[in-house]
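Just so it is clear, none of the values below were taken in a lab; they were calculated from the coordinates. The structure displayed is predicted, hence computed values, not measured ones. Here the Cβ positions follow ideal geometry from the backbone for every residue, glycine too, while neighbour counts run over all protein chains shown.
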Amino acid sequence: MLNRIRETRIQRDGLYEITLQIPESEYFSVYDSVTEYNAIEILGNYLSKYQDDARFDNVRIKHNKNGHIVDIKAELHYLDNDHTDASPVPDMLNKARGE
């Protein structure tokens with residue numbers, strides 16, 4: 001699923017706003033419902049996969065049923081961060097649908 005995510009970032013006032021767009025078929029092949037807990041898990045694993053040391057907060061998730069997309073939005077903080085060690089990403093998030 002993580003390989004099918006489309007990412008956009010916007011820098012504003014020293015913060016980055018990140019948006020992750022996941023095809024709903026990919027999202028619902030792993031998760032049963034759209035929850036903030038799932039969004040935090042996905043965002044954390046996504047940043048870890050790409051060795052991104054940002055700290056995130058203000059995580060929001062929305063299911064766009066007409067666009068067949070699940071959107072995850074958050075604020076990323078880079079200033080005054082310590083380097084974080086990479087943690088393994090669960091296999092279920094690394095697989096493409098049908099694998």
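Modelled this way, with points 7 Å down the Cα-to-C-beta line, the labels at N66 and Y16 are 3.1 nm from one another.
Projected over all directions and averaged, the alpha-carbon convex hull of segment 9-48 occupies 3.4 nm². Label-point separation (nm) for S25 and Q51, each offset 7 Å from Cα along Cα-to-Cβ? Result: 3.3 nm between the two label points.
Computed on segment 2-80, with alpha-carbon pairs under 8 angstrom and 6+ residues apart, the relative contact order is 36 percent. Could you work out the percent of alpha carbon pairs in segment 2-80 separated by over 16 Å, rounded to a whole number? Taking all Cα-Cα pairs of segment 2-80, the fraction more than 16 Å apart is 47 percent. If R0 is 25 Å, the Cβ-Cβ spacing of V34 and R9 corresponds to a FRET efficiency of close to 0.70.
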